Every structure is written in structure tokens, then in C-alpha cells.
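Heads up: the structure comes next, in C-alpha cells.
What follows is calculated from the coordinates using simple rules that are stated; it is not laboratory data. Quick caveat: nothing in here was measured; it's all calculated off a predicted structure. Cβ placement follows ideal geometry from the backbone for every residue including glycine, while neighbour counts extend to all protein chains displayed.
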Amino acid sequence: MVGYLARRLLSALGILLLISLFTYVIFFLLSPDPAVLICGKTCTPDRIDQIRGTLGLDQPFWVQFWDFLRGFFVGRTYGDGASAVSCPAPCLGFSFQTNRSVTEMIETRLPVSATVALGAAVLWLLAGVGAGLLSAVKQGTWWDRGAMMFALGGISLPNYFVALILQYVLVVQMQILPFPSAVPFGEDPVRWFQSYLMPWLVLAFGYAAVYARLVRANVLDTLGENFLRTARAKGLSGRLILRRHALRPSLTPVVTMFGMDFAGLLGGALITETVFGLNGVGKLAADSIAKNDQPVIMGVTLLAAFFVVIGNVIVDITYTFLDPRVRIATR
Amino acid sequence: MSAVPSDLAVQVTRPGVSPQGGAPRPAGRIVSALRSSPSVLLSAAFLVFVVLLALAAPLLVGLVGWGPYDFDKNAIDSDLGGIPRGALGGVSAEHWFGVEPQNGRDIFIRIAFGAQVSLLIAVSATIMSMILGVGLGVLAGYHGGWVDQVISRVMDFLMAFPSLIFMIALLSALPAGNRPVLLVIVLSIFSWPYTARVIRGQTMTLRNREFVEAAVASGANSARIVFREVLPNLRGTIIVLATLAVPGFIGTEAGLSFLGVGVTPPTPSWGQMIATAVGWYAVDPMYFLIPGTFLFLTVLSFTILGDHLRKQFDGRDVA
């Protein structure tokens, strides 16, 4: 188990390193010269050279990449003398457009994204797993058809479209909710709830649809297995069979999906945050793309990759507890 | 199944006995199919409609009298900030779906041209990711060993990527160039592993089946086995995966265009039309409802068709 854990973490670290290299190469090779962007319109060749020197852009690629990696662990300083800019320990780069370190920008916005992800996750797990179970147990009835129709809608409706409809109906027409703006919980809990309600609903709808379909298919698959026929032959009641025998094998795949989806959302719900104007990591990414603020785009990409890779590791470890077959295989 | 030599086939239908009821008339067949699964038929009909709309878009310009980039100053009210004149976003005999606020471009013709862009990108991306996914999946599953190791690790790596954010970062870093082509390339790079994973697994099981062993024993080389024995058996899976990939690509393309890194204005794409409508949603809801509804119905139709095909091939419900 310890060996497995170590192997798993090591490979996760390798993937993260590869992803950061990959990202760095793409931004290094493809994007327009950041020095020119920072310099702006009133620019002289001398000034560009100076900025290149400050950013370390005159160094060869490997030196730049090494500086970036080292900056993450020990921090780094751009330039020297009076104009020096320091970027403390987990340094993901420095945005010269806004004059702030990328880490700091992400830190201030992460709570918003986490709130969006957490609330949506609670809703979609309840709705998705519930609807999936219901339609599997009542297979072929109108319950089943209704739930699956709902799921089809959730899969096919783009979330920004749902967001616009909700906003139009609830805010403009019926005026039940105020325009969303990320109000901190401590300031006004009611406003806080109102401002996050629509993003939660929009995100949860899309994910719940996928989960409902997955759970339904899994439960139906499991109900056809031999060990459940044995349980039925023993004379167990339908409800007991479902609770004792069918639920566990059919819900373990949900754990995998949930881990990945939730981790992905922590790195920012780009579209939802943008539509509702919530200042989370996703909106930070979208705004930085619009301004071509590369250090920030790269920082957010790496953060998202980090969450997904770590989520993957956590899922794998959870699996060894949930599924005895995996536990034996990893020994 | 591998093709059974036809001279060994047993003739099952006895001659002289006609099937009961005679051949069904075409109309009767459509009615009975519609009765057994109306959603599938309606989906197919809607997709045919959208494809026709996309193909006929240049011809429709002559019919409706407006091109996708023509401004109509008379259809908008410049005193009210440029919102369309008349009810429902300016729906009239002249503009069937109304006009865009501020510039008065005809929404119907832009939907038609947008269908062209969206379908072209989605179908090209599907073809490319299927070629990559099936090719590499069969290679990994059939060859095994180090080839499988390398391909599988690349797949793991690509699937661990936060693909949406990365696609956006990539597209924003890439020089403008030919957007639709870039979109197709980026979409296929991040989607082929999902196809390859399924194909690889199925190829591994197929490789151990008796008919492949028989082909090996009869001296067939690898290429012949792959093309004559393995690929025909993967046909059903490929059709299902492709049908379900198209709506995914349509949605992702629309999402990327919505975020401003996809198809660039003034070229219309459904997602980008919705993005421009965001600023107007409160005063002119029709502007986002029309492209949104088209996007929704197209994705829905493809998904229903894909689900149906999978049920036909697998005999089980979808996840």
C-alpha cells in the first residue's frame, strides 16, 4: 500500500512536471514577445532589451524554464536595483500588466471558485445520483422516462445558454434574484446565497445529467449480475438487495467521475463564472486571455492541471478502500 | 464477425413461401418507425434540416434578400440604442428570425451560415479524432508491448490535462491564422485518447478471438488481419463513438467561440452569436434564444441518435 502510494505520487509529480514543461514550451514558442506587449506603444529597442533582461527573456529556454521551476519553490526576483520586483515562494510568475504576482491574484480568487464548485457539487450529487437510482429502480415507467428526458436536456443545453435563460427569467422578468455578484458570506449571508444560487444551479444541471445517466446504466448492469440473482434466490427483498448489494458496485465509478469533475472545477468554472461575472479563477483566466496576460494564463493552466492530477491520485487511493479487487491488485 | 464464405451459407428462407402481409409501403414504414421511436425520427429529420440549411446558405441569401454581413438600418431603432423595431426582436416577413441589435443583420441568414461553420468544424474534428483514435487505438491494442506502453502513456498524459483551459490557452497563444483549421486541430488533439481507449480495449479482446487465430494460422499478415478481421468488427463502436463525438465538438466549438477564442467575428458561429447576445439579453432575449435553441436542438438530436445507435449495437443502455 505504501509502495503503491509512493509510486502513484511519483508519477503524478512526473505528469505535473511534463505539463508545466509543455505549457512553458507553448508560451515560449508560440506567443508574441511579452516584452513588446509590456513595453506598449511608446517603445524603443533599448527599452525592449531592458525588459527582456528584467524578465530573463534573453536567457536560453532551459535557463528560463529552470528559473520558473525554482521560482515556484524558493521564490524569485525580477530585475535588480530599485526597479526589482520580488515574487515570494510559490511563485507562478508575475503579471507586469497588473503589477501583481500571479500567486497572489489566484489566491484572492480561489475562494470564489471553491464556493461555486462546492455548492454545485452538493446539488449535482444529490440530483444526479437520486435521479439515476430512481429511473433504474423504476425502469420503463414514466419516472424513468421523465428523469432521462431531464438528463438529455442537461447534456444538450450549453451552460451559458441555461445561464442566460435563468438570468433573464429570474432576474429581469420575475425579479426574484438580484444581479449576481460574489458577496462574501460574512457580509450578508442571504445575499451570499442569492449571488451563488444561479451559478450552482447552472453547473449542477449539466453535471447531474451526466451522473444520472451513468448511475442508471451502472445500477441496471449490476442488477443483471449473478451475485444479485443469488441474493434474489435467497429471498432478500428488493430494497435490501439494492441497498446491500447493488449500490456499492454501481456507485464506485461515480467516485472516479466526481473526483475528476470536482478537481476540474476548482481550477475555475470558466464559462459560468464569466457569464455571471463572478470573480473566480475561471473569470481571471478569461480576462487574462482577453488582455493577453500570459503569465496569468499559464499560472491558471498549471493550477488547473495540478488540481486534476491531485484529484486523480485521491480517486485512486479512495478506490483501494472502496473496491477490494483494486486493493489486492495494488499490493 | 469475419465474413463467412458465402458458398457455405445455408439458405434459410424456403422458396415459394412469401412473407406475410407483403412488402410494407414506404409511408407505412415511416409511420411504424415513427411510432416505435418518434424521438429518433424527429432528431434525424431536424439534423437533415440543419444540414440542408447549412448547404443552402448561399442560395438562401437570394431568397431572403439579406447576406450574413448586410446591415439593415431600417430594422433597428437608433433612438432606443439600436434595439430591433417590432416585437420579438424584429421578427417580420422581411426578417424571419428578427435582426441583431445595433447593426440590423438578419439573424436567419446568420444562423444558416453559422450552421455551416459549426457543422464543418464539428464533422472535420470528428473525422480527424476518429482517424487518430482508431489508428492509434488499434495499433496499441494489436501490437501490445512497448508500442502499447508509449501510446497509453501519451493518452494518460493528454487525459490528465485540464483540456478546456488548455485549449483556450493554446488558442489564445497561437497566432490568428486560419481559426477553423486551428480549432479542428486543437479539438482533435485533446479528444482522440477517449476514442483510442475504447478501441484499444476492444482490439485486445478481438485479437484473442478464434477467428483471428484462424486467420493467423492460415498465414494472413498483420495488415490483412487488422483491415479484414479487426476493423470490420469495430465498425459499430466507431459509428457510435463518432455520432456521440459530433455534438461534443459542436458544443465545445460554441463554448470556445463564446469565450472569444474560437471563430472570430464577423464570421457567424452559433456560440459566438450567443456571446454577442450576452450584452443584450435583458432587452432583446430573442437574440440569444434563437442561436441557443438551434445549438440545443442540434446537440440533442445527435445525442438521441447516438444513444439509439449504441442501444442497437450494444443491446444496452448508455452511461
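Overview of results
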quantity	calculated
Length-normalised contact order of segment A:103-329 in % [C-alpha pairs under 8 Å, at least 6 apart]	27 percent
Which of B:192, A:143, B:146 has the fewest Cβ neighbours within 10 Å, and the rest in rising order	B:146, A:143, B:192
Sparsely packed trypsin sites (Lys or Arg not before Pro) within segment A:156-241, loop by DSSP, other Cβ within 10 Å at most 11	A:234
FRET efficiency, residue A:243 to residue B:311 (Cβ-Cβ, R0 30 Å, nearest 0.05)	0.60
Full-stretch length increase - residue A:234, residue A:6 - with 0.36 nm per residue and alpha-carbon distance subtracted	77.8 nm
Calculated FRET efficiency for the pair residue A:290/residue A:48, C-beta based, R₀ 22 Å, to 0.05	0.40
Viscosity 1.306 mPa s, 10 °C: Kirkwood-radius Stokes-Einstein D of segment B:43-313 over Cα pairs, µm²/s	77 µm²/s
Efficiency of FRET from Cβ geometry, residue A:57 and residue B:146, R₀ 45 Å, rounded to 0.05	0.70
Value of relative contact order over segment B:43-313, rounded to a whole percent, pairs C-alpha under 8 Å and six or more apart	23 percent
Counted charge near residue A:109, where neighbours are those whose Cβ lies closer than 15 Å (Asp, Glu -1; Lys, Arg +1)	-3
Estimated inter-spin distance, residue B:181 and residue B:205, nm [label 7 Å along Cα→Cβ]	4.1 nm
Loop-resident sites, segment B:141-242, for trypsin sites (Lys or Arg not before Pro), counting at most 15 other Cβ within 10 Å (DSSP)	B:209
Cβ-based net charge around residue A:314, under 14 Å, with every Lys or Arg adding one and every Asp or Glu removing one	-1
Linear extension gain, residue A:66 paired with residue A:149, 0.36 nm per residue minus alpha-carbon span	24.7 nm
For segment B:43-313, size of Cβ-based charge dipole, Lys and Arg +1, Asp and Glu -1, in debye	920 debye
Whether chain A is rounded, prolate or oblate, judged on the alpha carbon gyration tensor where a/c under 1.5 counts as rounded	oblate
Tensor-based shape of segment B:227-312 (alpha-carbon gyration tensor, a/c under 1.5 rounded, otherwise prolate or oblate)	prolate
Neighbourhood charge, 10 Å Cβ-Cβ cut-off, centred on residue A:246 and excluding it, Lys, Arg +1 and Asp, Glu -1	+1
